[in-house]
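Scroll down for the structure; my scribbles are underneath it.
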Amino acid sequence: MLHYIGIAGTNSAHSTNRQLIQFVARHYAQDATVELVELGDLPLFYKTADHSVPAAATALAAKIEVADGVIIATPEYDHSVPAVLSSALAWLSYHIHPFAGKPVLIMGASYGSLGTSRAQAQLRQILESPELDARIMPSAEFMVGHSLAAFDDNGDLKDLTLVAQLDALMTNFAIFADVNRQLTAKMTRTADWQDSNH
Ligand SMILES: Cc1cc2nc3c(=O)[nH]c(=O)nc-3n(C[C@H](O)[C@H](O)[C@H](O)COP(=O)(O)O)c2cc1C
């Protein structure tokens with residue numbers, strides 16, 4: 001059974017991105033476990049004098065390290081990823097590297113019609129930075145537009161075309177994670193900015 005970490009890029013009590021991760025966890029429970037983690041406990045990122053990271057970041061990093069992959073559902077604020085997600089990723093790349101070589105599937109839900117397409121493109125760019133060094137699932141975008149109306153009372157996605165798309169994505173992500181495992185076993189980390197000058 002595969003094990004994924006599910007991150008909703010929010011610190012809001014009510015979030016359609018959290019709903020999306022919860023739907024994924026329920027809908028694919030036969031194939032994988034998806035553990036939803038929260039970012040609300042992490043302080044806003046700052047560089048510490050001794051390069052330490054908060055306990056909440058260490059705990060999250062430990063979960064990511066042992067997972068087969070990470071699924072991130074991002075909201076979109078002003079065509080960008082939310083500050084809480086950006087800040088969390090900074091902690092998770094500050095002298096720790098839980099995302100290095102880790103398969104990541106990006107998705108997102110937003111109230112707008114474009115369903116986080118811009119935030120997703122930005123998130124992809126962030127995750128590809130040397131200190132994060134994640135392996136992002138290629139050619140995969142899953143966007144839930146008008147997300148306030150996208151789920152029924154049971155929390156299931158109403159649009160069955162979207163669900164079929166998600167089915168294929170999740171199948172492909174499992175294959176991607178498997179191939180990636182073989183690839184990273186043979187590869188060496190090349191880039192590190194912090195050890196020299198940060
Ligand atoms: C300051 C602000 C900026 C926003 N900018 C966008 C945007 O650029 N694109 C978009 O689709 N929705 C935008 N929204 C609406 C969000 O999609 C919505 O508020 C929500 O955060 C969606 O994710 P959630 O349900 O997980 O919180 C914005 C909302 C706020 C409060």
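The values are calculated or read from the model by the stated rules, or taken from the named source; none is laboratory data. Please read all numbers here as calculations on a predicted model, not as lab measurements. Note: ideal-geometry Cβ built from the backbone for every residue, glycine included; neighbour counts use all protein chains shown.
Points to keep in mind about this one:
- Looking across LEU60, LEU85, LEU89, one residue alone is within 16 Å of the ligand (Cβ to nearest atom), within 14 Å of the chain's Cα centre (by Cα) and either at pLDDT 95 or above or within 28 Å of TYR111 (Cα to Cα) (or both). It is LEU85.
- Selected residue (only one of LEU148, LEU183 is modelled with pLDDT under 95 and over 21 Å from ASP31 (Cα atoms)): LEU183
- Here VAL70 clears all of (1) in contact with a Phe, Trp or Tyr (Cβ under 7 Å, 6 or more places away or on another chain); (2) over 15 Å from PRO98 (Cα atoms); (3) not small (Gly, Ala, Ser) except the condition numbered (2).
- Unmet requirement for ALA61, which otherwise passes all of (1) under 17 Å from ALA121 (Cα atoms); (2) touching a His at 6+ places or on another chain (Cβ under 9 Å): (1)
- Among all positions in region 79-95, there is at least one residue which is loosely packed, with under 15 Cβ neighbours inside 10 Å, in a helix (DSSP H, G or I), free of Cβ contacts under 8 Å to residues at least 60 places away in the same chain and in contact with a strand residue (DSSP E or B) (Cβ under 9 Å, 6 or more places away or on another chain).
- All conditions but one from (1) closer than 25 Å to PHE23 by Cα; (2) away from the ligand (no atom under 11 Å from the Cβ); (3) in contact with a Ser or Thr (Cβ under 9 Å, 6 or more places away or on another chain); (4) not acidic (Asp, Glu) apply to HIS95; the one that does not is (1).
- Lone qualifier among HIS3, HIS27 - being at pLDDT 95 or above and surrounded by fewer than 14 Cβ atoms within 10 Å (Cβ to Cβ): HIS3
- Residue in region 41-52 that is touching a strand residue (DSSP E or B) at 6+ places or on another chain (Cβ under 8 Å) and either within 13 Å of the ligand (Cβ to nearest atom) or in a loop (DSSP other than H, G, I, E, B) (or both) present: no
- When residues of region 131-149 are limited to those that are surrounded by 14 or more Cβ atoms within 10 Å (Cβ to Cβ) and in contact (Cβ under 8 Å) with a residue 60 or more places away in the chain, the one farthest from VAL163 (Cα to Cα): GLU131
- Test: residue in region 113-122 that is within 21 Å of ASP178 (Cβ to Cβ) and touching a strand residue (DSSP E or B) at 6+ places or on another chain (Cβ under 7 Å): no
- Neighbours by Cβ (under 6 Å, 6+ apart or cross-chain): first from region 105-130, closer than 25 Å to ASP167 by Cβ and assigned to a helix (DSSP H, G or I); second of a type in the set (D, E, K, R) and within 11 Å of the ligand (Cβ to nearest atom): ALA119/GLU76
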